[in-house]
Every structure is written in C-alpha cells, then in structure tokens.
C-alpha cells in the first residue's frame, strides 16, 4: 500500500514537472512571436519612411522641374560623376546621352532621377550644386 502511494506521488510530481516545462516552452514561444511581430513592425516603419522620402523627392523635383530644366546643363563631366557615384547605371547614362538637344537631355535626366531612389536625389543635388553657381540646384540643396 505504501509503495502505491509513493508511486502515485512520483507520478504526480512528474506530471507537475511536465506541465511546468510545457508552460515554459509556451512562454518562450510567445516571447519569440512578440519579438517577430516587433521586427515586422520595425520593417514596416522603415518601408513607410522610404516611401515618404521618395514621395517628397518627387514633389521637390516636380516643384523645381522647370527651373532645373532652365538652369541645368548636362555635361559629360556631370554624367561621368553621376555614373561614378552610382546615381545612374551606364544604360541610363546612354539614354540621357542619346538625346540630341541639350534641353531634352535635362528632361530625360529629370525623368529618370526619381526612379533611382532617395540617395540618388541627394547625390544629384550635391553634384548639380557643384556644377551650377546658383538657381534651382542651390534651392534644392536648401530644401533637404
């Protein structure tokens, strides 16, 4: 009789230990799920920030489009620097170069620039303000 009681007590202790282990595993899984949700939220916030930056870049380009078209001169030096800085790949540089009229080159450059992301815009403004003594390029530099 005593042995049966001891066996029952041991079984109860084992069951309690198993329940505790299961609860700990469940808590760890919940913490991992919470961490994953936090990471997903952070990634979504980063994506939203990137989208906002791109929208702002396009708005600034639209605002100063005509002024840029009037002030900017697309030279081989500027295109080379934009290629070297990674603003445009060689294929896009060729699309700009193929335009015969200087004003068409500027229009093509301004058309392609928003597709290159927010970093490209900052590099373009920096390179353009180095080239231009004033005008819209300098105004763009003061916008950012």
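Give the stretch 88-126 a look and list any residue that's surrounded by 18 or more Cβ atoms within 10 Å (Cβ to Cβ) and not in a helix (DSSP H, G or I), or say none.
88
Of the residues in the stretch 23-73, how many are under 17 Å from residue 108 (Cα atoms), assigned to a helix (DSSP H, G or I) and in contact (Cβ under 8 Å) with a residue 40 or more places away in the chain?
Residues that pass the stated criteria total 10.
Identify the single condition in (1) surrounded by 10 or more Cβ atoms within 10 Å (Cβ to Cβ); (2) more than 30 Å from residue 114 (Cα to Cα) that residue 1 does not satisfy, given that it satisfies every other one.
(1)
State yes or no: is residue 77 within 13 Å of residue 125 (Cα to Cα), at pLDDT below 90, surrounded by fewer than 16 Cβ atoms within 10 Å (Cβ to Cβ) and in contact with a helix residue (DSSP H, G or I) (Cβ under 9 Å, 6 or more places away or on another chain)?
No.
The values are calculated or read from the model by the stated rules, or taken from the named source; none is laboratory data. Keep in mind the model is a prediction, meaning the values are calculated, not measured. Quick reminder, even Gly has a Cβ in these numbers, built from the backbone with ideal geometry, and neighbours come from all protein chains shown.
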